1. From the list K14, K73, which one is over 23 Å from N111 (Cα atoms) and loosely packed, with under 13 Cβ neighbours inside 10 Å?
2. Quick one: V95 ticks every box in (1) of a type in the set (A, V, I, L, M, F, W, C); (2) modelled with pLDDT of 95 or more; (3) in contact with a Lys or Arg (Cβ under 8 Å, 6 or more places away or on another chain) bar one, so which box is it?
3. Go through the stretch 155-166 and report how many residues are closer than 20 Å to V103 by Cα and surrounded by fewer than 16 Cβ atoms within 10 Å (Cβ to Cβ).
4. Just to be sure, is E80 acidic (D, E) and farther than 26 Å from D149 by Cβ?
5. Which residues, taken from the stretch 15-45, are basic (K, R), part of a loop (DSSP other than H, G, I, E, B) and in contact with a Ser or Thr (Cβ under 9 Å, 6 or more places away or on another chain)?
Amino acid sequence: MPHPKDERTFVIIKPDGVQRALVGEIIKRYERTGLKLVGVKFGVAEEKKFWDHYNKDDAWFLKKGTKIAEDKKAAGLPVEKEPIEYGKDIIRQLVKFMTSGPVLMMVWEGNQAAAVVRKITGDTEPATSDVGTIRGDLTVDSYGIAAVDDRAVRNLIHCSENVDEAKREIPIWFTDKEMTEYRLVGEQILYDVNLDGILE
């Protein structure tokens, strides 16, 4: 069994985070918790990888698309395509956004890494994210304006929802050889059972 301090999670700083020069600020917020950065890649990613990454099936597309079609009917708007296509449009918009410019992909390691990153990042919709979170402090986008503009919400970051999701996502973007095993001096104060060697 791996030690809890070896838990890993996956993060992407999206094109809006890169373009707004928030990379350093975002990394700093994760780093200062004691999480350790073990994998980094920067560049424009392939569309196919993002389709693999989002990993949605026809049941998901149909469920989401049916809701969109129902909302359109309730608002008196025309329903111009099959519900499943409205569902696929959600991922199409995301993929278009995520490949519109460079992104920074990262793997973070530490105790409760997935939960800690989720907490610091904040809720998916920036407009309702708590103050103190990255999304709550650094952007103002909302589902409402994204829907009006027919685009993906610009919320700076993707992060794995949980450990199982991270285990599925990380191999899409990183091989084991592309991650670095090392020890931070600060890990002693976070994890060592006895704090031997602090006092002279």
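The values are calculated or read from the model by the stated rules, or taken from the named source; none is laboratory data. This one's a predicted model, so the numbers in the text were calculated from it and none came from an experiment. We place every Cβ from the backbone using ideal geometry, glycine too, and count neighbours over all the protein chains shown.
1. Result of the check over K14, K73: K73.
2. Checking V95 against (1) of a type in the set (A, V, I, L, M, F, W, C); (2) modelled with pLDDT of 95 or more; (3) in contact with a Lys or Arg (Cβ under 8 Å, 6 or more places away or on another chain), the one that fails is (3).
3. Going through the stretch 155-166 one residue at a time, the tally reaches 2.
4. No: the conditions fail for E80.
5. Listed by number, the list holds a single entry, R20.
Conditions (1) touching a His at 6+ places or on another chain (Cβ under 6 Å); (2) closer than 23 Å to R29 by Cα; (3) assigned to a helix (DSSP H, G or I), marked per residue:
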site: V116; (1), (2), (3): no, yes, yes
site: I120; (1), (2), (3): no, yes, yes
site: R151; (1), (2), (3): no, no, no
site: N155; (1), (2), (3): no, yes, no
site: K167; (1), (2), (3): no, yes, yes
site: K177; (1), (2), (3): no, no, yes
site: L190; (1), (2), (3): no, yes, yes
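Residues checked against (1) closer than 14 Å to I12 by Cα; (2) over 21 Å from the mean Cα position of the chain (by Cα):
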| residue | (1), (2) |
| --- | --- |
| G144 | no, no |
| A147 | no, no |
| N155 | yes, no |
| E161 | yes, no |
| R168 | no, no |
| F174 | yes, no |
| V185 | no, yes |
| I189 | no, yes |
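This table checks each residue for (1) touching a residue at least 40 places away in the same chain (Cβ under 8 Å); (2) among the acidic types (D, E); (3) crowded, with 18+ Cβ neighbours inside 10 Å; (4) touching a Lys or Arg at 6+ places or on another chain (Cβ under 7 Å).
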position: Y30; (1), (2), (3), (4): yes, no, yes, no
position: G34; (1), (2), (3), (4): yes, no, no, no
position: V44; (1), (2), (3), (4): yes, no, no, no
position: F50; (1), (2), (3), (4): yes, no, yes, no
position: W60; (1), (2), (3), (4): no, no, no, no
position: K81; (1), (2), (3), (4): no, no, no, no
